[in-house]
Amino acid sequence: MCGIVGILGQEPVAWKLVDALKRLEYRGYDSAGIAVLADGHIERIRASGKLQALSEKLRSSEPIATSGIGHTRWATHGAPTETNAHPHLGGTVAIVHNGIIENFKELKEELAGKGTTFTTETDTEVVAHMIDYEMKQGKSPREATQVTLQRLEGAFAFAIMFEGEDDLMIGARRGSPLAIGHGSHEMYLGSDAIALAPFTNQVTYLEDGDYVVITRNSFELHNDKGEKITRPLNFTQASALLVDKGNHRHFMAKEIAEQPDVVGHTLAEYVDFDERTVRLPSEVELDFTDLDRLTITACGTASYAGLVGKYWFERYARLPVEVDIASEFRYREAPLTKGGLSMVISQSGETADTLAALRYCKSEGQRVAAVVNVPESTISRESDVVVRTYAGPEIGVASTKAFTCQLTVLACLAIAAARARGVMSLEQEHELVGQLVKLPRNLVKTLEQEDHIDRIARHIAGKRDVLYLGRGINFPIAMEGALKLKELSYIHAEGYAAGELKHGPIALIEEGVPVVVIAPRDELFEKTVSNMEEVAARGARIVLITDRAGAAASGADAFETITVPQADPFVAPVLYSVPVQLLAYHAAVFMGTDVDQPRNLAKSVTVE
Ligand code: M6R
């Protein structure tokens, strides 16, 4: 789950590498490093910690070179020290790696038996030494790389540089993404198009098993058997300008604030505003008519979107839905009906477990639809139907706008399914689409509560435990709120179905424990309020998130109330996501944690 980049350029390359790494830092930020070829010799600069530390080192001694590779790391094998930071060297070879080499221990022993000494604990260093060893046996860099790749087990994307070869670089992919960027007398490698956005918008994606030999003016793609192949050239929309904090203090703040716009953009693709109906784009070829089941898999926040989707599909389209987290689903050997439909949900489109779930569903003969935010991603490319969210680049590690856009898309799909299955009248569709259309405006009104929520967040900051309660369609939002708080502020938080409280979690309640209750005035409101009273009676400090009607009816047990616009329960999950995001954000800011890059996390989890 690291970011890699390689540049064969015309100008000094060190700061260009750092610029690309900045765009890849969402993939990991335990350490960073670059290696360049200065007068044919490999020079390496590495630092543990965030990219800032590498930049500081570079400021005091910038190597002058026009080719180089770079890496930002999320540690798997070996502590996040400078020694273990990439690039790694093996004789005349320098390499950066995203992924895990599963058989590295036996390969390492084999090389050690032949006299190789290692300086790091990483799996990657072994690969550099293997290539170097093969070159010492007389093979060319390409041949040496190819035989080495054939011996590796696991997942990887590599960029490899060779001492004395200023116009040569090799990239390889199995499992982890890699793109070739085409410039004018310049060539690039990168984990994604966003990394390469300042340099080029023309990219070619490697498929699993491919490797590529690049020079400044050429590239040659091969499959794992060494045969020459071609892959399509893509023109990406990953504009360099979009990846910017604007006037906001953090990417997360910007992304929360963007929700009225991006939910609006997403709706515009799926809704006919004049007719008040759902209108799926022609490329979203989905037939829900005769389905007897839908299987949804995803990870983290995206899996909570799937859980909300389950409520919508089951309630409105009478379509049974099974939702599973992808890391469990992939090993469950779930029986799936041939010709049936599965759905995966992913912001990045690169999450390893979700990708594995997709491949499993396909191997079982299912069609797979992907609700995905990055159209160039592996999940987009491997699924049968792409249902895009239009959240734009999400850089903050905590998912916010991607989540509400996923919800928006799922709500539209549920309506489309209900119509196709003949269980929703046109009148009801008009009513629900009308609620969706009001979302951007209602999201703006919800965001107006930010100062109030900031003050409440100060009471949550620093607490040991926080509980989130919700019922029905808002239960997943309670889990999402808890996930946001723990990943940003490191406070222990759990989301529970309010009715489950008495079956265990209520034991956690003692004087002053914050309990965030998500309770729009819907048919379950009274029951949730009873649960709220039970914890209030035991000393909990209630933060009630409700609408005007709910605030009036809830009694005096709430310590604080956040009032969101009155809306149909159908759209409540989208609206109620915002206060829980803001609570987590402001608690984290107050506590001084690193909001956009919380400890131990990475934006895109490309290892299992
Ligand atoms: O890119 P994906 O949507 O597939 O990512 C899934 C999860 O890793 C992600 O939602 C994660 O849980 C976020 N950090 C939550 O804020």
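The values are calculated or read from the model by the stated rules, or taken from the named source; none is laboratory data. Here the structure is a predicted model, which is why all the values come from computation and not from measurement. Positions of Cβ are backbone-derived with ideal geometry, glycine not excepted, and every protein chain shown enters the neighbour counts.
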* Scan Asp287, Asp274 and give me the residue that is in a loop (DSSP other than H, G, I, E, B) and within 30 Å of Glu328 (Cβ to Cβ). => Asp287
* Asked: Quick check, is Ile69 within 25 Å of the chain's Cα centre (by Cα), over 23 Å from Leu8 (Cβ atoms) and touching a residue at least 60 places away in the same chain (Cβ under 8 Å)?
  -> no
* Asked: Of all the residues that make up segment 590-608, how many are more than 9 Å from the ligand (Cβ to nearest atom) and within 11 Å of Cys2 (Cβ to Cβ)?
  -> 2
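Inside segment 439-492, counting only helices (runs of 4 or more DSSP H) that do not spill past its ends, which hold 1 or more residues that are among the hydroxyl-bearing types (Ser, Thr, Tyr) and farther than 25 Å from Asn600 by Cβ?
Fully inside segment 439-492 and qualifying: 439-447.
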* What is the residue count in segment 465-478 for residues that are within 13 Å of the ligand (Cβ to nearest atom) and farther than 22 Å from Gln406 by Cα? -> 0
* Filter result for Ala572 (assigned to a loop (DSSP other than H, G, I, E, B), outside the structural domain of Tyr316 (by TED's automatic domain parsing) and more than 19 Å from the chain's Cα centre (by Cα)) -> no
* Structure fact -> The condition from (1) away from the ligand (no atom under 16 Å from the Cβ); (2) more than 30 Å from Tyr496 (Cβ to Cβ) that Lys254 misses is numbered (1)
* Considering every residue within segment 107-126, establish whether at least one is in a helix (DSSP H, G or I), in contact with a strand residue (DSSP E or B) (Cβ under 8 Å, 6 or more places away or on another chain) and surrounded by fewer than 21 Cβ atoms within 10 Å (Cβ to Cβ). => yes
* Inspect all residues belonging to segment 40-52 and state whether any of them is surrounded by 24 or more Cβ atoms within 10 Å (Cβ to Cβ), at pLDDT below 95 and among the small types (Gly, Ala, Ser). => no
* Tell me which of these Asp208 doesn't satisfy, since it passes every other one: (1) in a loop (DSSP other than H, G, I, E, B); (2) free of Cβ contacts under 8 Å to residues at least 24 places away in the same chain. => (2)
* In this structure, does Ala584 turn out to be within 12 Å of the ligand (Cβ to nearest atom) and surrounded by 20 or more Cβ atoms within 10 Å (Cβ to Cβ)? -> yes
* Asked: Which one of these is small (Gly, Ala, Ser) and surrounded by fewer than 20 Cβ atoms within 10 Å (Cβ to Cβ): Ser554, Ser530?
  -> Ser530
* **Residue, farthest from the ligand (Cβ to nearest atom), within segment 479-532, restricted to residues that are over 25 Å from Ala549 (Cα atoms) and touching a helix residue (DSSP H, G or I) at 6+ places or on another chain (Cβ under 6 Å)** => Ile509
* Does segment 400-453 hold any residues that are basic (Lys, Arg) and closer than 30 Å to Asp292 by Cβ, and which are they? -> Arg419, Arg421
* Please state which of the following conditions Ile506 fails to meet, knowing it meets all the rest: (1) part of a helix (DSSP H, G or I); (2) touching a Ser or Thr at 6+ places or on another chain (Cβ under 7 Å). => (2)
* **Residue identified as among the aromatic types (Phe, Trp, Tyr), modelled with pLDDT under 95 and under 26 Å from the mean Cα position of the chain (by Cα) among Tyr304, Tyr331** => Tyr331
* Could you please find all residues in segment 102-149 being over 14 Å from His88 (Cα atoms) and of a type in the set (A, V, I, L, M, F, W, C)? => Phe104, Leu107, Leu111, Ala112, Met135, Ala144, Val147, Leu149
